[in-house]
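The values are calculated or read from the model by the stated rules, or taken from the named source; none is laboratory data. None of these values were measured; they are calculated from a predicted model. As a convention, Cβ positions derive from the backbone with ideal geometry for all residues, glycine included, and neighbour counts pool all protein chains shown.
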Amino acid sequence: MALLIYGLDNDEIGTTQSWRDILAELLPDLEIRIFPEVGDTSEITYLAFMPPDFEALPPLPNLKAMFSRSAGVESFIHHPKMPKAPLGKIEPAGGDPMMTEYVLMHVLRLHREMPLYQQAQARGEWLRRPIVRPDERRIGFLGFGLMAKAPALVLKSLGFPVSAWVRNPKPDAGIPVFHGSDQFERFMRRTDIVVCLLPLTRETEGILCARTFAMMPKGAMVINIGRGRHVVNADLIAALDSGQLSHAALDALHPEPLPPDNPLWLHPKVTVMPHVARRPTVRQLGTEIAANIRSIESGSGLLQKVDKTLGY
């Protein structure tokens, strides 16, 4: 029984040795192989990757499961050479504190109108704006998965009215949850700051567009931490220029990196961030991989299985 790691041993995540050390501690009975040192492929039962190159990987005939570091799987989920083994995400069950602080940072920054104060400072203007209380600023999450729930509940504890919109009902969510296309417009009409943490699918691509911006209260704000293609850039700029939206904070963009001549860079109502919401550590990822392998070996299966038909 062996685990093959592909593409995770890099400067952004961790070195080859750090992966070996932590996984040896967490899974002492499991052999760790790091691509391109594959060895006997029949012995490989688990594969962890980011991003996968299924053209480079050899056939793995005894693979039990794969683990994706990527938050989104849309770029490879339909690859013809992807192994048939079940695919799971390696995300902390309670969300990532780094993502929680990132969402809070952007929500609070927009709530307290920091972009306007920064612009006023650049002009040398002593600007004093009316202060909006938290209970007067409605926060809405597009998507309510592991990464959204923790910041949503923190914002609720700060006094913000928080709700979410999802594909299917979520009982016991702790906040009001709207679901399905029939309830989408009602959700958007009551949202002053929308936070997008959706997966990218055929249904969600372009979800932040002229039609949906028009549903929101005038002067509403947008935070996109999902995927760049959730936003129709031309529609976003038009909504900002008309005053329908007052600001947008974008961590996920399309394309990435954003070209230097893209108008989003210099738009006064846009905050561009280079996809830096979170960077999990080797120990975080290793802990989740170990938990999944123990679950599978005990007969319980993947902890966060990806539904390949849904795309997330």
Counting only residues in segment 167-188 that are among the aromatic types (Phe, Trp, Tyr) and either over 18 Å from Val107 (Cα atoms) or modelled with pLDDT under 95 (or both), the one surrounded by the most Cβ atoms within 10 Å (Cβ to Cβ) is identified as Phe178
| request: Might you let me know whether segment 68-78 holds any residue that is at pLDDT 90 or above and not in a loop (DSSP other than H, G, I, E, B)? | output: yes
Of the listed residues (Thr201, Thr191), the one being under 21 Å from Lys156 (Cα atoms), surrounded by 16 or more Cβ atoms within 10 Å (Cβ to Cβ) and in contact with a Gly (Cβ under 6 Å, 6 or more places away or on another chain) is Thr191
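Tell me the residue from His275, His247, His254 that is in contact with a Pro (Cβ under 6 Å, 6 or more places away or on another chain) and either within 23 Å of Asp96 (Cα to Cα) or surrounded by 15 or more Cβ atoms within 10 Å (Cβ to Cβ) (or both), please.
His247
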Taking segment 57-77 and the residues there that are within 25 Å of the chain's Cα centre (by Cα), surrounded by fewer than 21 Cβ atoms within 10 Å (Cβ to Cβ) and free of Cβ contacts under 8 Å to residues at least 40 places away in the same chain, the one that is nearest to Arg33 (Cα to Cα) would be Ser70
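Would you say Arg294 is in contact with a His (Cβ under 8 Å, 6 or more places away or on another chain), basic (Lys, Arg) and either over 22 Å from Leu63 (Cβ atoms) or surrounded by fewer than 15 Cβ atoms within 10 Å (Cβ to Cβ) (or both)?
Working: in contact with a His (Cβ under 8 Å, 6 or more places away or on another chain): no; basic (Lys, Arg): yes; either over 22 Å from Leu63 (Cβ atoms) or surrounded by fewer than 15 Cβ atoms within 10 Å (Cβ to Cβ) (or both): yes.
Criteria not met by Arg294.
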Boolean, Leu3 is surrounded by fewer than 18 Cβ atoms within 10 Å (Cβ to Cβ) and over 28 Å from Thr201 (Cβ atoms): no
Scanning segment 161-189 residue by residue, those assigned to a strand (DSSP E or B) and of a type in the set (A, V, I, L, M, F, W, C) turn out to be Val162, Ala164, Trp165, Val166, Val177, Phe178
- Message: Quick check on Gly140: is it out of contact with any Gly (no Cβ under 7 Å at 6 or more places or on another chain) and either in a loop (DSSP other than H, G, I, E, B) or under 21 Å from Pro92 (Cα atoms) (or both)?
- Response: no
Among the residues of segment 79-109, the number that are under 28 Å from Val162 (Cβ atoms) and in a loop (DSSP other than H, G, I, E, B) is 7
In segment 1-20, anything under 14 Å from Ser68 (Cα atoms) and either assigned to a loop (DSSP other than H, G, I, E, B) or touching a helix residue (DSSP H, G or I) at 6+ places or on another chain (Cβ under 8 Å) (or both) is listed as Leu3, Ile5, Gly7, Leu8, Asp9, Ile13
Counting only residues in segment 35-51 that are within 16 Å of Leu285 (Cα to Cα) and buried (at least 18 other Cβ atoms within 10 Å of the Cβ), the one modelled with the lowest pLDDT is identified as Met50
Query - Residue within segment 192-210 that is in the same structural domain as Arg137 (by TED's automatic domain parsing), assigned to a helix (DSSP H, G or I) and at pLDDT 95 or above present - result: yes
Going through (1) within 23 Å of Leu142 (Cα to Cα); (2) assigned to a loop (DSSP other than H, G, I, E, B) one by one, Ile223 fails only at (2)
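Just need a number here: residues in segment 21-58 that are part of a loop (DSSP other than H, G, I, E, B) and either over 19 Å from Ala290 (Cβ atoms) or of a type outside the set (A, V, I, L, M) (or both).
Initially, segment 21-58 is screened for residues part of a loop (DSSP other than H, G, I, E, B), giving 27-30, 35-40, 50-58.
Then drop every residue that is not either over 19 Å from Ala290 (Cβ atoms) or of a type outside the set (A, V, I, L, M) (or both), which leaves 28-29, 35-40, 51-58.
So the answer is 16.
Quick check on this structure: which one of Leu236, Leu264, Leu302 is in contact with a helix residue (DSSP H, G or I) (Cβ under 9 Å, 6 or more places away or on another chain), within 25 Å of Pro199 (Cα to Cα), assigned by TED's automatic domain parsing to the domain that holds Arg138 and not in a helix (DSSP H, G or I)? Can you show your working first?
Values: Leu236 fails: not in a helix (DSSP H, G or I); Leu302 fails: assigned by TED's automatic domain parsing to the domain that holds Arg138.
After applying the criteria, what remains is Leu264.
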Checked segment 208-244 for anything surrounded by fewer than 21 Cβ atoms within 10 Å (Cβ to Cβ) and under 19 Å from Ala71 (Cβ atoms); matches are Gly228, Arg229
